[in-house]
1. Condition test on L61, is it closer than 30 Å to S278 by Cβ, surrounded by 19 or more Cβ atoms within 10 Å (Cβ to Cβ) and hydrophobic (A, V, I, L, M, F, W, C)?
2. Give the residues of the stretch 183-232 that are on the phi > 0 side of the Ramachandran plot and among the charged types (D, E, K, R), sorted by residue number.
3. Give the residues of the stretch 80-113 that are surrounded by 24 or more Cβ atoms within 10 Å (Cβ to Cβ) and either acidic (D, E) or not in a strand (DSSP E or B) (or both), sorted by residue number.
4. For a quick check of your reading: which strands (runs of 3 or more DSSP E) sit entirely within the stretch 172-290 and have at least 1 residues that are open to solvent by 30 Å² or more (accessible area, probe 1.4 Å)?
5. Would you pick out the residues in the stretch 160-171 that are assigned to a helix (DSSP H, G or I) and open to solvent by 10 Å² or more (accessible area, probe 1.4 Å)?
6. Return the only residue of K31, K71 being surrounded by fewer than 15 Cβ atoms within 10 Å (Cβ to Cβ), touching a residue at least 40 places away in the same chain (Cβ under 8 Å) and more than 20 Å from G234 (Cβ to Cβ).
7. List the pairs whose first member sits in the stretch 125-143 and is without any contact (Cβ under 8 Å) to a residue 60 or more places away in the chain, whose second member is of a type in the set (F, W, Y), and whose Cβ atoms are under 9 Å apart, counting only residues at least 6 apart or on separate chains?
8. Mind checking whether some residue in the stretch 51-59 is part of a loop (DSSP other than H, G, I, E, B), over 26 Å from C174 (Cα atoms) and modelled with pLDDT of 95 or more?
Amino acid sequence: MVQSDGYRRQIIVVRGCFTLKGQWESFSFTKNMKTEIKKQFPEWCSNMEQGTHATILQGDLDSLLGCAIEKLVKGNEINYFYDFSKLYVADRTNKRKAIGIDLALHRGKSYCNHVVSIRKDDYVNPLTANLNVINKIHSNNYFDKYAGSTALMMWSYYGLPLPESEEGKMLLLCIDSGFKGHYNPDYRKAHSKHLIDMGFGELIDLLNSKIEFDFELLQGKFKTKANIVLTDKGYLKTQLPLDELSGVFGLPLELPDKQFTLRNTFTSLKGDTWATPSKDKLENLISFALTGKRKFKYTTYA
């Protein structure tokens, strides 16, 4: 049991699911991720000191749920919004170091599910918490990658028990279309391995009992692909049904009610590995991720 003084909220494990329980101060953990895998995450991930960092949100459900997990477990709140061409900040007086959530940052702390290397000996950010970094995935072994969401990886790392309901488990697999690897013969073996490594072997049975279309229907029901955007006045908005999602996941999903202002401007670009055989050929990187075996996106200082 871990006490949190910063956020008076309790997640109580009830028959394996989460239940919001008013104004409390503690929450429970189970054991999910294999110890030998968890030990390879950066040391900062296991530091449970409360409220020491701010988080960077980018515009999708995967990042938002990851931010919610980080707030639940460590009391770290969203203070930045990143759209790959600009970085916005809410509280400029907040000097806490940032953690990118679902961001393939080239420097600094981040949770990430992307493949961040073109070749096996490319530079890799040592502070990124990423199963694909741990497993040394690059363009040449791309189909061995972890193809699930950042949020599911964080759920496993922090030992959060899966939702009790079948719909809740399915919805976790819907994030970032994390179910698709099971139905793709190129990814299926690696997809099952990663679920087992994360302690979620029961999700393989669930995937076996469903077809791909079952998950696509759920994605439509909960609008899981809806974006998070910044209004002209600097407030975040989304068509994601946050109250419904919170109920299914069993933890609060909410956008900060703060006004964001521009902090930095970047240049967002695309590339092909045939023209750029190494990530190290790119200068002034902010973020970098393969979007396929031979294609990538990256951001540099403007």
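1. Numbers: closer than 30 Å to S278 by Cβ: no; surrounded by 19 or more Cβ atoms within 10 Å (Cβ to Cβ): yes; hydrophobic (A, V, I, L, M, F, W, C): yes.
Against the criterion (closer than 30 Å to S278 by Cβ, surrounded by 19 or more Cβ atoms within 10 Å (Cβ to Cβ) and hydrophobic (A, V, I, L, M, F, W, C)), L61 does not qualify.
2. Keep residues of the stretch 183-232 that are on the phi > 0 side of the Ramachandran plot, which gives 199, 223.
Passing the criteria: only K223.
3. Residues satisfying the conditions are D102, L103, A104, C112, N113.
4. Working: elements: 228-230, 236-238, 261-272, 285-290.
Counting at least 1 such residues, we get 228-230, 236-238, 261-272.
5. To start, the set of residues in the stretch 160-171 that are assigned to a helix (DSSP H, G or I) comprises 166-171.
Hits for the stretch 160-171 are E166, E167, K169, M170.
6. On the way: K71 fails: surrounded by fewer than 15 Cβ atoms within 10 Å (Cβ to Cβ).
After ruling out the rest, the residue left standing is K31.
7. Pairs that qualify, where the first residue is without any contact (Cβ under 8 Å) to a residue 60 or more places away in the chain and the partner is of a type in the set (F, W, Y), are N130/F41; N130/Y111; N130/Y146; N132/Y146; N135/Y146; I137/Y146.
8. Quick first cut of the stretch 51-59, residues part of a loop (DSSP other than H, G, I, E, B) only: 51-52, 59.
With the extra rule that they be over 26 Å from C174 (Cα atoms), the set shrinks to 51-52.
Filter once more, so that each one left must be modelled with pLDDT of 95 or more: 51-52.
Yes, the stretch 51-59 has at least one match.
The values are calculated or read from the model by the stated rules, or taken from the named source; none is laboratory data. What you are looking at is a predicted structure, and each value in this text was computed from that prediction instead of being measured. Reconstructed Cβ throughout: ideal geometry from the backbone, glycine too, with neighbour counts over all protein chains shown. The area values use the complete protein model at the heavy-atom level, side chains included, leaving out ligands, DNA and RNA. Shrake-Rupley method; radii C 1.70, N 1.55, O 1.52, S 1.80 Å.
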